[in-house]
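What follows is one structure encoded as structure tokens, with my remarks underneath.
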Number of protein chains: 2
Amino acid sequence: MQSFTPPHRVLMGPGPSDVSPRVLAALARPTIGHLDPAFQALMEDIKAALQRLFNAPDHACIPLPAPGTAGMEAAMMNLLEPGDRAVVAVNGAFGGRMADMAGRAGATVVTVDHAWGQPVDPAKVEAALAEAPTKVLAFVHAETSTGVRSDAATLCGLARKHGALSVVDCVTSLGGIAVDAAAWDADILYSGTQKCLSAPPGLAPIAIGKRAQAAIAGRKEKVRNWLLDFNLIMAYWGGPDGRGGGGRTYHHTAPINALYGLHESLVVLFEEGLQAATVRHARMHEALAAGLEAAGLELLVDPKWRLPQLNTVLIPDGVDEAAVRTHVLNTWDLEIGAGLGPLKGKVWRIGLMGASATPWHVRLCLTALCEALAAQGVTASASDALAAVDGALV
Amino acid sequence: MQSFTPPHRVLMGPGPSDVSPRVLAALARPTIGHLDPAFQALMEDIKAALQRLFNAPDHACIPLPAPGTAGMEAAMMNLLEPGDRAVVAVNGAFGGRMADMAGRAGATVVTVDHAWGQPVDPAKVEAALAEAPTKVLAFVHAETSTGVRSDAATLCGLARKHGALSVVDCVTSLGGIAVDAAAWDADILYSGTQKCLSAPPGLAPIAIGKRAQAAIAGRKEKVRNWLLDFNLIMAYWGGPDGRGGGGRTYHHTAPINALYGLHESLVVLFEEGLQAATVRHARMHEALAAGLEAAGLELLVDPKWRLPQLNTVLIPDGVDEAAVRTHVLNTWDLEIGAGLGPLKGKVWRIGLMGASATPWHVRLCLTALCEALAAQGVTASASDALAAVDGALV
């Protein structure tokens, strides 16, 4: 068994995204104990930064000690129990996962199904909410499997109107497009670290609002999950109001070094400015879209609902899509993503997330993609694509 | 918000332990994608190393993407469902936690209670197993809250005799004292990375045997946990036999950099040799015990059941134990642990785990402790203690 030296890749798939040297260096700082006063100060700092990031000043905000999916699981397991009804909008892989988890929590699950590539339809959701009293409405703000944004403000408003709590998957949206817990009046939002925050995968920032906290307090049955039990984990992070002051109760041992990385990624993000980062994602998407169009490629999603940070590119007829991905990986050390589920073999997924949303990345990706297509006899001009990028970035 | 620079501590509490510069450096290597061929090779390497570490050649061995407690939760949630009976031996904080989780999984839970500081009593456990058909017998091999080892071979044998599956908490034992899945014929064993493996906290190595896999396959109800569902997570790690070859199915996004760290910690451990590491832990414990005795301090646990890696030291009458911990932290940057539950205020917990099990650590700890006691007017001779250490290490 020998030490592992990873290749140096350029990460433009659906996540993880490129992690900056600053964040990597933070990971390697000396480990301290989770009860150390210095670590407790770090925890407070992270909580405050996540409140700012979600714009959730009244939510309890912490990073759960597991990948982004743990945020989904925490939301479902804490809010739902047998006898509850959950309405889950499904317009891609992650909506389907939410429905699965809601069932494991013991709820009666009603899915509102959509074609992959479409945003969630508020009218269909409202029809499902109107059918019966509903505890939770869950949906994905930014579907990583399709590259589609849904209208979180409208959907959270429908949940409120029908007395349901809203659960919003922001795994791919947070840090890339506007996420606004306060304006949406959303009850639970969660994300991952490996998308637009550009920290390594492994943590799930979550924001839990007052109504959700009250619902958890009123449960009849214990949460079917010890590690993600909101009351236990918030006591560890300094009290249920999410703001410390109440001391800490031992729960798990926090993933110290991973939290160093998340913290540094938040420092980097706030140095740039949240608004500036959002604008950067939008601009890089425009540049990529212009380049793809100039190269003769099309995007799956209607412009109105496109995610700047996750671009689903239709595979031209006759192209061996896996060979293209292998080519760009082997020749350019560039990772792009394949399609999932019904989009398998039909799209590539090109991420422009966090540190991977730069003109350099856009240009490299188009160059590599055009080269790989040319190798299959498909005409795709890299010089036209790069000229279009330059035009878009003026 | 500013970058976080942790203090440089010497970690001799109940975990995390000191992380070596080699492991810290591994954490900071460039992040790659979880579908990257290079990463898949790393996954295979880690699986094989964990099989060797648990001595579990026929178990599926993976690191779960969450802290050590996730191993406990995975064992309970995958094996148990409503209608099942679980017998849980409780002789400290972690046995109690197992019982809580087994209840959340829907099982009828029978606890076999012991005084804290005592090993699990096989006769009491057998009496509980004989009362009714039992699905799972769960116990803690090395109780971090008390410093007690229990007889895993005998307890696993009782489980077999009574048709129950054995779940063995090896969080603090793995890498510090012998853990032997094959010899014990144990069904599920799990651990954490931040104890005797000396990687940062955040991952839970787990070994799941064939009988446990069959029991999971025969469940009536879905596992009440999506992230830790054995079948989903093993498909991601290359198939239910734990040996790859069957391709991989997307589940979560693995915590890439944390896995770099675990991998390097395993390289370090195997370079030293597992047997050599075990001997080192035993010798450092003997040295510490000799030094404590020379300083007039006593250990809680009967010598037969003491864990070398977790020493519970009785607090002398009249000593302000929190002031001692504060003194050694502030003056020596040394972290030692407080007592938990009924042992709160009665013991300190001194860890000699992994990279923290060296003569340097033993000498530093005794020096700091004697100084702190002297500051409270308690006679405790550091020179006598260090002479005793030297004698024990000859």
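No lab work stands behind these numbers, since they all come straight from the coordinates. Predicted model only: the values in this text are computed from it and were never measured. Every residue, glycine among them, receives a Cβ derived from its backbone with ideal geometry; neighbour counts consider all protein chains shown.
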### Query
When Cβ neighbours within 10 Å are restricted to other protein chains, what is their mean count per residue of peptide B:38-47?
2
### Query
How many nanometers, to one decimal and shortest first, lie between the label point of B:R160 and those of its other copies, if labels sit 7 Å from Cα toward Cβ?
6.2
### Query
Any idea which of B:A382, A:V125, A:A178 is furthest toward the positive side of the dipole for the protein assembly as shown, if Lys and Arg beta-carbons carry +1 and Asp and Glu beta-carbons -1?
A:V125
### Message
Sort B:15-21, A:155-161, B:184-190, B:318-324 by the packing proxy (mean of other Cβ within 10 Å over each peptide's residues), most packed first.
### Response
B:184-190, B:15-21, A:155-161, B:318-324
### Query
Taking the DSSP beta bridges in the protein assembly as shown as the whole, what percent of them are antiparallel, to the nearest 5?
50
### Note, ³J(HN,Hα) from phi for segment B:186-199, Karplus 6.51, -1.76, 1.60, rounded to Hz, x at Gly and Pro
7, 8, 10, 10, 8, 8, x, 8, 9, 9, 6, 7, 6, 9
## Note on the structure
One checks the Cα atoms of the protein assembly as shown and finds Rg and Dmax, in Å, of 26.5, 86
#### Entry: Centroid-to-centroid separation of segment B:278-321 and segment B:168-212 [C-alpha atoms, Å]
24
### Query
Separation between the A:K161 and B:E272 pseudo-spin-labels, each 7 Å from Cα along Cα→Cβ, expressed in nm?
6.3
## Note on the structure
Taking placed amide H atoms and a strict 5 Å upper bound, the residues 5 or more places from A:L334 or on another chain that come that close are A:V10, A:L329
### Message
Only Cα pairs within less than 10 Å get springs; with that Gaussian network setup on chain B, which residue of B:A207, B:A28, B:A282 has the largest fluctuation?
### Response
B:A28
### Message
Using 10 Å bins from zero, what percent of all Cα-Cα pairs in segment B:1-105 falls into each bin?
### Response
11, 26, 33, 24, 6, 0
#### Entry: Helical contribution to [θ] at 222 nm, DSSP H n ≥ 4, -39,500 (n - 2.57), averaged over chain A, rounded to 500
-13000 deg cm²/dmol
### Task
Using only the alpha-carbon atoms of segment B:251-385, report the extent along each of the three principal axes, biggest first, to the nearest angstrom.
55, 31, 28
### Query
Around A:G351, what is the net charge, scoring Lys/Arg as +1 and Asp/Glu as -1 over all other residues with Cβ under 10 Å from its Cβ?
0
### Calculated label separations, B:A123, copies of the chain, 7 Å along the beta-carbon direction, nm
7.6
### Message
Given a Förster distance of 51 Å, report the FRET efficiency between B:R52 and B:K222 from their Cβ-Cβ distance, rounded to the nearest 0.05.
### Response
0.95
### Task
Before anything else, pin down the relative contact order of segment A:312-382: Cα pairs under 8 Å, at least 6 apart, normalised by residue count, whole percent.
32
### Task
From other protein chains only, count the Cβ atoms within 10 Å of every residue's Cβ in B:183-196, then give the mean.
1
#### Entry: Average partner coverage of B:198-206, which counts Cβ from other chains inside 10 Å
5
### Query
Counting Lys and Arg as +1 and Asp and Glu as -1, what is the net charge of the other residues whose Cβ lies under 9 Å from the Cβ of B:A215?
+2
#### Entry: Efficiency of FRET between B:A178 and B:A123 - r from beta-carbon atoms, R0 25 angstrom, step 0.05
0.60
#### Entry: Virtual spin-label span in nm between A:E44 and B:R22, 7 Å along Cα→Cβ
3.9
### Message
For a protection proxy built on the mean count of beta-carbon atoms within 10 angstrom, sort B:346-357, A:305-316, B:382-393 highest first, please.
### Response
B:346-357, A:305-316, B:382-393
### Task
Place the label 7 angstrom along Cα→C-beta at A:A183 and in each other copy, then list the distances from the first to the rest in nm, shortest first.
6.4
### Query
By DSSP, what percent of the beta bridges with both residues in chain B are antiparallel, rounded to the nearest 5?
50
### Task
Would you mind computing, in nm to one decimal, how far apart the modelled labels at A:W360 and B:E131 are, each placed 7 Å from Cα along Cα→Cβ?
6.5
### Query
Among B:51-58, A:99-106, A:139-146, how do they line up from the highest to the lowest mean number of other beta-carbon atoms within 10 Å?
A:139-146, A:99-106, B:51-58
### Task
Note down the relative contact order for segment B:252-394 as a percent, whole number, built from C-alpha pairs under 8 angstrom at least six residues apart.
30
### Summary
Computed for chain B: size of charge dipole around the Cα centre, +1 on C-beta of each Lys and Arg, -1 on C-beta of each Asp and Glu, debye to nearest 20, value 860
### Message
Could you tell me the relative contact order of chain B? Use alpha-carbon pairs under 8 Å, at least six residues apart, and round to a whole percent.
### Response
22
### Task
Run the dipole for segment A:99-236 about the Cα centre, Lys and Arg Cβ at +1, Asp and Glu Cβ at -1, nothing else charged, and hand back the magnitude in debye, nearest 20.
460
### Task
Would you mind working out the magnitude of the charge dipole of the protein assembly as shown relative to its Cα centre, with +1 at each Lys and Arg C-beta and -1 at each Asp and Glu C-beta, to the nearest 20 Debye?
880
## Note on the structure
Over all Cα pairs of chain B, the Kirkwood radius sets Rh, and Rg/Rh then becomes 0.98
#### Entry: Net charge contributed by nearby residues that have their C-beta within less than 14 Å of A:G147 (K/R +1, D/E -1)
+3
### Query
So which DSSP H runs in chain B come out at 27 Å plus along the axis (Cα) with average Kyte-Doolittle of at least 0.0?
B:274-294
